[in-house]
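Values in this text are rule-based calculations from the coordinates and carry no lab data. If you're wondering where the values come from, they're calculated on a predicted model, not measured in any experiment. Methodologically, a virtual Cβ is constructed for each residue, glycine included, from the backbone with ideal geometry; neighbour enumeration extends over all protein chains shown.
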């Protein structure tokens with residue numbers, strides 16, 4: 001992404017610093033407790049950027065802690081873009097807030113936050129949906 005706040009090098013440095021301070025394996029919880037001491041990005045931001053905590057840690061050469069829960073991705077980008085395309089058929093100016101409200105009326109739909117996370121950003125999802133129309 002063109003406007004990332006942290007470079008991959010800065011992220012690797014943050015993860016290695018956290019591992020030095022908190023020890024390995026490095027869990028999300030340990031990382032987030034100490035990240036403010038070195039102004040690192042949040043663990044959720046790293047997960048969004050790399051797809052998983054394990055992938056983020058692996059990119060920095062840090063051993064990741066085991067997840068307390070396992071997650072199965074239920075939604076992929078193509079499915080989310082289809083939802084946005086459906087939403088764009090609604091009258092009115094599109095916004096993330098109205099998309100969030102609209103999703104609550106769609107049976108078995110993901111949350112707006114899930115859509116944004118899977119699609120990387122609301123603007124990216126809008127662009128993809130409009131490009132495919």
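Where does region 77-131 land on the Kirkwood hydrodynamic radius, alpha-carbon pairs, in angstrom? Could you put the intermediate results ahead of the total?
On the way: mean 1/r = 0.0919 Å⁻¹.
Over region 77-131, the inverse of the mean reciprocal pair distance is 10.9 Å.
Inverting the pair-averaged 1/r between distinct Cα atoms of region 8-60 gives 10.5 Å as its Kirkwood hydrodynamic radius.
Here residue 105 and residue 20 are evaluated by their C-beta separation; at R0 = 30 Å the FRET efficiency comes out at 0.05. Taking 7 Å steps out from each Cα toward its Cβ at residue 44 and residue 59 produces label points 1.8 nm apart. Between residue 33 and residue 8, the simple label model (points 7 Å from Cα in the Cβ direction) yields a spacing of 3.1 nm.
Arrange 81, 28, 106 by Cβ neighbour counts within 10 Å, fewest through most, would you? Walk me through the numbers on the way to the answer.
Working: 81 22, 28 19, 106 11.
Result, fewest neighbours first: 106, 28, 81.
Relative to the longest principal axis of the Cα atoms of the chain, the long axis of helix 77-88 makes an angle of roughly 40 degrees. By other beta-carbon atoms within 10 Å, ranking 111, 12 with the fewest at the front produces 111, 12.
Counting every other Cβ atom within 10 Å of each residue's Cβ, 31, 6, 87 order from fewest to most as 6, 87, 31. Computed from Cα atoms, the angle from the helix 8-22 axis to the main principal axis of the chain rounds to 50 degrees.
Enter the angle in degrees (range 0 to 90, nearest 10) between the Cα long axis of helix 122-131 and the first principal axis of the Cα atoms of the chain, meaning the one along which they spread out most. Once rounded, one gets 50 degrees. Taking packing as the residue-averaged number of other Cβ atoms within 10 angstrom, the listed peptides 52-60, 122-130 run from highest to lowest as 52-60, 122-130.
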